1. Please calculate the 1.4 Å probe accessible area of Thr154, with all protein chains present, and give it to the nearest 10 Å².
2. Under 10 Å from the Cβ of Leu134, count the other residues' Cβ atoms, weight Lys and Arg +1, Asp and Glu -1, and hand me the total.
3. What part of the accessible area of the chain, given as a whole %, is carbon or sulfur when the probe is 1.4 angstrom?
4. Quick one: grab Rg to one decimal and Dmax as a whole number for the range 349-400, Cα atoms only, in Å.
5. Compare the peptides 8-20, 385-397, 84-96 by average per-residue count of other Cβ atoms within 10 angstrom and give them in order, highest first.
6. For the chain, list log₁₀ I(q)/I(0) at each q in 0.12 Å⁻¹, using the Debye formula over Cα point scatterers of equal strength and ignoring solvent, two decimals each.
7. For Cys294, tell me the accessible area in Å² from a 1.4 Å probe, rounded to the nearest 10.
8. Only loop residues by DSSP count here, and only those with at most 15 other Cβ atoms within 10 Å; note down the trypsin sites (Lys or Arg not before Pro) in the range 241-290 that meet that.
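The values are calculated or read from the model by the stated rules, or taken from the named source; none is laboratory data. Just so it is clear, the model here is predicted, and its values are computed rather than measured. Note: ideal-geometry Cβ built from the backbone for every residue, glycine included; neighbour counts use all protein chains shown. Calculation scope for accessible area: heavy atoms of the full protein, side chains included, ligands and nucleic acids excluded. Shrake-Rupley method; radii C 1.70, N 1.55, O 1.52, S 1.80 Å.
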Amino acid sequence: MLAIPWYFTAVIHQETLFGQAYFVITSISLVWGLYAGTLVDRYSRKRIFLVINLVGLCVLGAIVVSGFARGSLPWYLVALAFANTMFIYNIHFPNLYAYAQEITPSEDYPRITSLLEIQGQLTFAIAGGLAAILLKGLGPHIHFAGLEFNLPFTIRAWKIYEIFAVDAATYLIAFLIIYRIQSLPVVKKNIDVSSLKERVKTGFAFLSKHQLLFIFGNASLLVFLTIIVFGTYIQPVYVDSFLHRGGSTYALGDMSFSIGALIAGFLTTRIFGEKKAVLGIIGLSAIAAGMYLCMALSAITILFFLANFIIGACNAAIRIQRITYLFRHIPNHVIGRANSIFFVINVLFRMCLIGVLTLPLFHNGTSIIYSLAIMSAICLVGAAILIFKYKALMKQPEIA
(Lines give C-alpha, C1' and ligand atoms only; values in the text may rest on other atoms or scores of the structure.)
Protein backbone atom coordinates (compact mmCIF):
# COMPACT_ATOMS: atom_id res chain seq x y z
CA MET A 1 0.00 0.00 0.00
CA LEU A 2 3.05 2.27 0.35
CA ALA A 3 4.49 1.13 -2.96
CA ILE A 4 1.41 1.45 -5.19
CA PRO A 5 0.71 5.22 -4.92
CA TRP A 6 4.41 5.89 -5.50
CA TYR A 7 4.44 3.44 -8.43
CA PHE A 8 1.67 5.37 -10.19
CA THR A 9 3.20 8.77 -9.41
CA ALA A 10 6.94 8.34 -9.96
CA VAL A 11 7.35 5.13 -11.97
CA ILE A 12 4.61 5.23 -14.63
CA HIS A 13 3.71 8.93 -14.07
CA GLN A 14 -0.03 8.33 -13.99
CA GLU A 15 -1.11 10.10 -10.78
CA THR A 16 -4.36 11.28 -12.41
CA LEU A 17 -5.17 7.69 -13.42
CA PHE A 18 -4.47 6.55 -9.86
CA GLY A 19 -6.76 9.28 -8.53
CA GLN A 20 -9.55 8.08 -10.80
CA ALA A 21 -8.99 4.43 -9.88
CA TYR A 22 -8.93 5.37 -6.19
CA PHE A 23 -12.22 7.22 -6.64
CA VAL A 24 -13.87 4.14 -8.21
CA ILE A 25 -12.48 1.80 -5.53
CA THR A 26 -13.68 4.14 -2.79
CA SER A 27 -17.15 4.29 -4.37
CA ILE A 28 -17.44 0.51 -4.27
CA SER A 29 -16.34 0.62 -0.61
CA LEU A 30 -19.56 2.47 0.23
CA VAL A 31 -21.69 -0.59 -0.45
CA TRP A 32 -19.17 -3.15 0.75
CA GLY A 33 -18.50 -1.21 3.99
CA LEU A 34 -22.14 -1.41 5.11
CA TYR A 35 -22.36 -5.11 4.27
CA ALA A 36 -19.07 -5.81 6.07
CA GLY A 37 -20.46 -4.37 9.30
CA THR A 38 -23.41 -6.76 9.24
CA LEU A 39 -21.03 -9.72 8.77
CA VAL A 40 -18.97 -8.64 11.79
CA ASP A 41 -22.05 -8.63 14.04
CA ARG A 42 -23.51 -11.83 12.53
CA TYR A 43 -20.65 -14.34 12.28
CA SER A 44 -17.64 -15.58 14.25
CA ARG A 45 -15.07 -12.79 14.19
CA LYS A 46 -12.20 -15.27 14.21
CA ARG A 47 -13.61 -16.99 11.11
CA ILE A 48 -13.96 -13.64 9.38
CA PHE A 49 -10.24 -13.02 9.93
CA LEU A 50 -9.43 -16.43 8.44
CA VAL A 51 -11.61 -15.86 5.37
CA ILE A 52 -10.27 -12.40 4.53
CA ASN A 53 -6.67 -13.63 4.81
CA LEU A 54 -7.44 -16.50 2.43
CA VAL A 55 -9.05 -14.08 -0.02
CA GLY A 56 -6.04 -11.75 0.22
CA LEU A 57 -3.65 -14.64 -0.38
CA CYS A 58 -5.56 -15.94 -3.43
CA VAL A 59 -6.09 -12.59 -5.15
CA LEU A 60 -2.59 -11.24 -4.54
CA GLY A 61 -1.07 -14.65 -5.30
CA ALA A 62 -2.77 -14.70 -8.73
CA ILE A 63 -1.47 -11.19 -9.48
CA VAL A 64 2.05 -12.25 -8.47
CA VAL A 65 1.93 -15.30 -10.75
CA SER A 66 0.84 -13.05 -13.63
CA GLY A 67 3.68 -10.62 -12.89
CA PHE A 68 6.37 -13.29 -12.89
CA ALA A 69 4.92 -14.91 -16.04
CA ARG A 70 4.83 -11.60 -17.96
CA GLY A 71 7.88 -9.97 -16.42
CA SER A 72 5.70 -6.92 -15.64
CA LEU A 73 2.21 -5.92 -14.52
CA PRO A 74 -0.34 -3.78 -16.37
CA TRP A 75 -1.62 -0.81 -14.35
CA TYR A 76 -5.06 -2.35 -13.81
CA LEU A 77 -3.62 -5.38 -11.98
CA VAL A 78 -1.61 -3.06 -9.74
CA ALA A 79 -4.86 -1.17 -9.08
CA LEU A 80 -6.60 -4.50 -8.38
CA ALA A 81 -4.01 -5.29 -5.69
CA PHE A 82 -4.73 -1.89 -4.14
CA ALA A 83 -8.50 -2.46 -4.32
CA ASN A 84 -8.21 -5.95 -2.80
CA THR A 85 -6.28 -4.58 0.16
CA MET A 86 -8.67 -1.66 0.65
CA PHE A 87 -11.68 -3.97 0.69
CA ILE A 88 -9.94 -6.16 3.27
CA TYR A 89 -9.27 -3.04 5.39
CA ASN A 90 -13.02 -2.30 5.23
CA ILE A 91 -13.87 -5.45 7.17
CA HIS A 92 -10.59 -6.03 9.03
CA PHE A 93 -10.71 -2.97 11.28
CA PRO A 94 -14.40 -3.15 12.31
CA ASN A 95 -13.84 -6.86 12.97
CA LEU A 96 -10.65 -6.22 14.93
CA TYR A 97 -12.24 -3.67 17.26
CA ALA A 98 -15.42 -5.73 17.72
CA TYR A 99 -13.35 -8.83 18.54
CA ALA A 100 -11.17 -6.85 20.97
CA GLN A 101 -14.27 -5.53 22.77
CA GLU A 102 -15.80 -9.03 22.81
CA ILE A 103 -12.87 -10.68 24.62
CA THR A 104 -11.61 -7.80 26.81
CA PRO A 105 -12.83 -6.84 30.31
CA SER A 106 -13.96 -3.20 30.37
CA GLU A 107 -11.28 -2.15 32.85
CA ASP A 108 -8.64 -3.16 30.28
CA TYR A 109 -10.07 -1.18 27.32
CA PRO A 110 -7.45 1.63 27.45
CA ARG A 111 -4.57 -0.85 27.68
CA ILE A 112 -5.89 -3.04 24.85
CA THR A 113 -6.59 -0.13 22.48
CA SER A 114 -3.08 1.18 23.19
CA LEU A 115 -1.53 -2.24 22.52
CA LEU A 116 -3.47 -2.60 19.27
CA GLU A 117 -2.17 0.79 18.14
CA ILE A 118 1.41 -0.04 19.16
CA GLN A 119 1.31 -3.37 17.33
CA GLY A 120 -0.27 -1.88 14.22
CA GLN A 121 2.09 1.08 14.03
CA LEU A 122 5.19 -1.01 14.71
CA THR A 123 4.17 -3.23 11.80
CA PHE A 124 3.60 -0.16 9.65
CA ALA A 125 6.99 1.31 10.64
CA ILE A 126 8.70 -1.92 9.57
CA ALA A 127 6.70 -1.85 6.33
CA GLY A 128 7.80 1.76 5.77
CA GLY A 129 11.46 0.81 6.19
CA LEU A 130 11.10 -2.17 3.84
CA ALA A 131 9.24 -0.05 1.28
CA ALA A 132 12.03 2.56 1.34
CA ILE A 133 14.56 -0.17 0.55
CA LEU A 134 12.54 -2.19 -1.95
CA LEU A 135 11.19 0.76 -3.96
CA LYS A 136 14.56 2.31 -4.73
CA GLY A 137 17.19 -0.20 -3.64
CA LEU A 138 19.95 0.44 -1.14
CA GLY A 139 23.66 1.31 -1.27
CA PRO A 140 26.51 1.47 -1.66
CA HIS A 141 26.13 5.24 -0.97
CA ILE A 142 23.07 6.62 0.83
CA HIS A 143 22.26 10.20 1.79
CA PHE A 144 20.16 11.15 4.79
CA ALA A 145 19.79 14.52 6.59
CA GLY A 146 22.68 15.95 4.58
CA LEU A 147 25.07 13.11 5.52
CA GLU A 148 26.53 10.39 3.31
CA PHE A 149 26.87 6.79 4.48
CA ASN A 150 28.88 4.05 2.73
CA LEU A 151 27.53 0.50 2.90
CA PRO A 152 29.49 -2.70 2.21
CA PHE A 153 26.57 -4.14 0.25
CA THR A 154 23.83 -3.16 -2.21
CA ILE A 155 20.17 -4.15 -2.57
CA ARG A 156 18.59 -3.74 -5.97
CA ALA A 157 15.20 -2.07 -6.41
CA TRP A 158 12.41 -4.65 -6.60
CA LYS A 159 9.71 -4.96 -9.22
CA ILE A 160 6.20 -4.19 -8.01
CA TYR A 161 5.09 -7.82 -8.37
CA GLU A 162 8.07 -8.97 -6.29
CA ILE A 163 6.88 -6.69 -3.48
CA PHE A 164 3.40 -8.18 -3.91
CA ALA A 165 4.91 -11.66 -3.44
CA VAL A 166 6.10 -10.68 0.04
CA ASP A 167 2.63 -9.30 0.78
CA ALA A 168 0.98 -12.55 -0.32
CA ALA A 169 3.23 -14.49 2.06
CA THR A 170 2.14 -12.30 4.98
CA TYR A 171 -1.50 -13.28 4.37
CA LEU A 172 -0.52 -16.94 4.66
CA ILE A 173 1.45 -16.33 7.86
CA ALA A 174 -1.47 -14.35 9.33
CA PHE A 175 -3.89 -17.18 8.54
CA LEU A 176 -1.70 -19.75 10.31
CA ILE A 177 -1.29 -17.55 13.41
CA ILE A 178 -4.98 -16.61 13.70
CA TYR A 179 -6.08 -20.22 13.17
CA ARG A 180 -4.33 -21.18 16.44
CA ILE A 181 -5.81 -18.35 18.56
CA GLN A 182 -8.03 -19.51 21.42
CA SER A 183 -10.27 -17.00 23.23
CA LEU A 184 -13.42 -16.73 25.32
CA PRO A 185 -15.92 -13.84 25.11
CA VAL A 186 -16.44 -11.72 28.22
CA VAL A 187 -19.66 -10.16 26.88
CA LYS A 188 -22.69 -11.97 25.53
CA LYS A 189 -23.00 -11.50 21.78
CA ASN A 190 -26.67 -11.19 20.81
CA ILE A 191 -26.57 -12.47 17.25
CA ASP A 192 -29.00 -10.78 14.87
CA VAL A 193 -30.24 -13.43 12.42
CA SER A 194 -32.58 -11.11 10.53
CA SER A 195 -32.19 -10.21 6.86
CA LEU A 196 -29.30 -8.09 5.58
CA LYS A 197 -31.61 -5.11 5.13
CA GLU A 198 -32.92 -5.38 8.69
CA ARG A 199 -29.41 -5.75 10.13
CA VAL A 200 -28.30 -2.58 8.37
CA LYS A 201 -31.42 -0.77 9.60
CA THR A 202 -30.64 -1.84 13.18
CA GLY A 203 -27.24 -0.17 12.99
CA PHE A 204 -28.73 3.08 11.67
CA ALA A 205 -31.54 2.92 14.27
CA PHE A 206 -29.04 2.67 17.12
CA LEU A 207 -27.07 5.72 15.97
CA SER A 208 -30.27 7.61 15.22
CA LYS A 209 -31.37 7.03 18.79
CA HIS A 210 -27.92 8.03 20.13
CA GLN A 211 -27.19 11.08 17.96
CA LEU A 212 -24.41 12.33 20.20
CA LEU A 213 -22.45 9.14 19.57
CA PHE A 214 -23.12 9.58 15.85
CA ILE A 215 -21.64 13.10 15.96
CA PHE A 216 -18.65 12.03 18.06
CA GLY A 217 -17.92 8.98 15.89
CA ASN A 218 -17.77 11.06 12.73
CA ALA A 219 -16.12 14.24 14.03
CA SER A 220 -13.36 12.29 15.78
CA LEU A 221 -12.65 10.46 12.51
CA LEU A 222 -11.89 13.57 10.43
CA VAL A 223 -8.15 13.56 11.19
CA PHE A 224 -8.05 9.95 9.98
CA LEU A 225 -9.87 11.08 6.82
CA THR A 226 -7.11 13.58 6.05
CA ILE A 227 -4.41 11.00 6.72
CA ILE A 228 -5.90 8.49 4.28
CA VAL A 229 -6.25 11.10 1.53
CA PHE A 230 -2.84 12.62 2.25
CA GLY A 231 -1.01 9.30 2.49
CA THR A 232 -2.50 7.64 -0.58
CA TYR A 233 -2.95 10.58 -2.93
CA ILE A 234 -1.39 13.91 -1.84
CA GLN A 235 1.89 12.74 -0.31
CA PRO A 236 3.34 11.02 -3.42
CA VAL A 237 2.73 14.17 -5.48
CA TYR A 238 4.02 16.41 -2.66
CA VAL A 239 7.29 14.48 -2.40
CA ASP A 240 7.78 14.20 -6.17
CA SER A 241 6.63 17.65 -7.35
CA PHE A 242 7.08 19.94 -4.31
CA LEU A 243 10.05 18.48 -2.42
CA HIS A 244 11.59 17.04 -5.61
CA ARG A 245 12.68 13.91 -3.77
CA GLY A 246 12.55 10.20 -4.54
CA GLY A 247 10.91 7.04 -3.30
CA SER A 248 13.13 6.71 -0.24
CA THR A 249 11.94 10.11 1.06
CA TYR A 250 8.32 9.11 0.43
CA ALA A 251 8.69 5.84 2.32
CA LEU A 252 10.71 7.42 5.15
CA GLY A 253 7.90 9.94 5.57
CA ASP A 254 5.53 7.05 6.23
CA MET A 255 8.07 5.51 8.56
CA SER A 256 8.34 8.79 10.50
CA PHE A 257 4.54 8.80 10.78
CA SER A 258 4.58 5.28 12.21
CA ILE A 259 7.35 6.01 14.73
CA GLY A 260 5.35 8.98 16.03
CA ALA A 261 2.27 6.79 16.25
CA LEU A 262 4.23 4.06 18.02
CA ILE A 263 5.45 6.47 20.71
CA ALA A 264 1.91 7.83 21.13
CA GLY A 265 0.70 4.27 21.67
CA PHE A 266 2.86 4.02 24.79
CA LEU A 267 2.11 7.49 26.17
CA THR A 268 -1.50 8.38 25.30
CA THR A 269 -3.30 6.73 28.23
CA ARG A 270 -0.66 7.95 30.68
CA ILE A 271 -0.95 11.56 29.48
CA PHE A 272 -4.70 11.87 28.90
CA GLY A 273 -6.22 9.09 30.98
CA GLU A 274 -9.85 8.19 30.27
CA LYS A 275 -11.55 11.29 31.60
CA LYS A 276 -9.79 13.64 29.17
CA ALA A 277 -10.40 11.65 25.98
CA VAL A 278 -12.64 14.20 24.23
CA LEU A 279 -10.43 17.12 25.28
CA GLY A 280 -7.38 15.23 24.03
CA ILE A 281 -8.96 14.59 20.63
CA ILE A 282 -9.78 18.31 20.30
CA GLY A 283 -6.22 19.42 21.07
CA LEU A 284 -4.57 16.77 18.91
CA SER A 285 -6.82 17.61 15.93
CA ALA A 286 -5.67 21.24 16.18
CA ILE A 287 -2.01 20.18 16.30
CA ALA A 288 -2.47 18.00 13.21
CA ALA A 289 -4.01 20.99 11.41
CA GLY A 290 -0.93 23.05 12.26
CA MET A 291 1.42 20.39 10.88
CA TYR A 292 -0.39 20.32 7.53
CA LEU A 293 0.07 24.08 7.30
CA CYS A 294 3.78 23.76 8.12
CA MET A 295 4.24 21.34 5.21
CA ALA A 296 2.32 23.70 2.90
CA LEU A 297 4.55 26.64 3.81
CA SER A 298 7.93 24.93 3.55
CA ALA A 299 9.74 22.60 1.15
CA ILE A 300 12.26 21.41 3.77
CA THR A 301 12.59 17.62 3.82
CA ILE A 302 13.42 17.41 7.54
CA LEU A 303 10.26 19.40 8.32
CA PHE A 304 8.31 16.92 6.18
CA PHE A 305 9.61 14.05 8.34
CA LEU A 306 8.91 15.98 11.56
CA ALA A 307 5.36 16.87 10.47
CA ASN A 308 4.67 13.22 9.59
CA PHE A 309 6.05 12.18 12.99
CA ILE A 310 3.75 14.61 14.85
CA ILE A 311 0.67 13.86 12.71
CA GLY A 312 1.29 10.14 13.25
CA ALA A 313 1.41 10.68 17.01
CA CYS A 314 -1.79 12.78 16.91
CA ASN A 315 -3.65 10.21 14.82
CA ALA A 316 -2.65 7.28 17.02
CA ALA A 317 -3.57 9.12 20.23
CA ILE A 318 -6.94 10.13 18.74
CA ARG A 319 -7.65 6.55 17.64
CA ILE A 320 -6.86 5.12 21.09
CA GLN A 321 -9.09 7.63 22.87
CA ARG A 322 -11.84 7.38 20.25
CA ILE A 323 -12.04 3.57 20.29
CA THR A 324 -11.94 3.43 24.10
CA TYR A 325 -14.81 5.95 24.26
CA LEU A 326 -16.86 3.97 21.72
CA PHE A 327 -16.18 0.67 23.56
CA ARG A 328 -17.70 2.19 26.68
CA HIS A 329 -20.78 3.57 24.94
CA ILE A 330 -21.73 1.13 22.13
CA PRO A 331 -22.89 -2.49 22.86
CA ASN A 332 -20.83 -5.28 21.32
CA HIS A 333 -23.71 -6.72 19.28
CA VAL A 334 -24.00 -3.50 17.18
CA ILE A 335 -20.47 -2.09 17.30
CA GLY A 336 -19.51 -3.71 13.98
CA ARG A 337 -22.40 -2.01 12.20
CA ALA A 338 -21.85 1.28 14.01
CA ASN A 339 -18.17 1.36 13.01
CA SER A 340 -19.11 0.47 9.43
CA ILE A 341 -21.58 3.36 9.29
CA PHE A 342 -18.87 5.72 10.53
CA PHE A 343 -16.60 4.27 7.87
CA VAL A 344 -19.13 4.70 5.05
CA ILE A 345 -19.74 8.33 5.99
CA ASN A 346 -15.98 8.84 6.10
CA VAL A 347 -15.77 7.28 2.63
CA LEU A 348 -18.40 9.72 1.33
CA PHE A 349 -16.32 12.64 2.59
CA ARG A 350 -13.23 10.99 1.10
CA MET A 351 -14.91 10.66 -2.31
CA CYS A 352 -15.82 14.33 -2.32
CA LEU A 353 -12.25 15.24 -1.44
CA ILE A 354 -10.73 12.95 -4.05
CA GLY A 355 -13.14 14.28 -6.67
CA VAL A 356 -11.89 17.80 -5.97
CA LEU A 357 -8.22 16.89 -5.61
CA THR A 358 -8.07 15.06 -8.95
CA LEU A 359 -8.47 18.46 -10.65
CA PRO A 360 -5.16 19.62 -12.24
CA LEU A 361 -5.08 22.65 -9.93
CA PHE A 362 -4.27 20.47 -6.94
CA HIS A 363 -1.45 18.26 -8.19
CA ASN A 364 0.78 20.40 -10.37
CA GLY A 365 4.00 21.54 -8.68
CA THR A 366 3.58 24.07 -5.90
CA SER A 367 -0.23 24.09 -6.19
CA ILE A 368 -0.21 20.94 -4.03
CA ILE A 369 -0.08 23.32 -1.04
CA TYR A 370 -3.79 24.06 -1.56
CA SER A 371 -4.52 20.39 -0.89
CA LEU A 372 -2.62 20.63 2.39
CA ALA A 373 -4.57 23.75 3.36
CA ILE A 374 -7.80 21.76 2.86
CA MET A 375 -6.46 18.94 5.09
CA SER A 376 -5.72 21.51 7.80
CA ALA A 377 -9.21 23.01 7.58
CA ILE A 378 -10.86 19.58 7.91
CA CYS A 379 -8.93 18.87 11.12
CA LEU A 380 -10.05 22.21 12.56
CA VAL A 381 -13.69 21.50 11.65
CA GLY A 382 -13.54 18.21 13.59
CA ALA A 383 -12.07 19.99 16.62
CA ALA A 384 -14.73 22.73 16.45
CA ILE A 385 -17.61 20.21 16.40
CA LEU A 386 -16.23 18.41 19.46
CA ILE A 387 -15.75 21.71 21.31
CA PHE A 388 -19.40 22.56 20.65
CA LYS A 389 -20.57 19.16 21.98
CA TYR A 390 -17.95 18.79 24.71
CA LYS A 391 -20.19 19.10 27.79
CA ALA A 392 -22.81 16.71 26.42
CA LEU A 393 -20.16 14.12 25.47
CA MET A 394 -18.73 14.20 28.98
CA LYS A 395 -22.19 13.43 30.39
CA GLN A 396 -23.00 10.63 27.95
CA PRO A 397 -23.92 7.49 29.99
CA GLU A 398 -21.81 4.35 29.54
CA ILE A 399 -23.25 0.96 28.65
CA ALA A 400 -23.96 -1.36 31.59
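1. Here the residue's solvent-accessible area equals roughly 90 Å².
2. On the way: positive: Lys136, Arg156, Lys159; negative: Glu162.
Result for the neighbourhood of Leu134: +2.
3. On the way: 12620 of 18060 Å².
Carbon with sulfur: 70 percent of the solvent-accessible area.
4. Spelled out, the Cα radius of gyration and Dmax of the range 349-400 are 16.8, 54 Å.
5. Working: 8-20: 17.9, 385-397: 14.0, 84-96: 20.5.
Most protected by this proxy first, the peptides run 84-96, 8-20, 385-397.
6. -0.99
7. Estimated to the nearest 10 Å², Cys294 gives 50 Å².
8. Working: sites: Arg245, Arg270, Lys275, Lys276; in loops: Arg245, Lys275, Lys276.
Hits after loop and neighbour filter: Lys275, Lys276.
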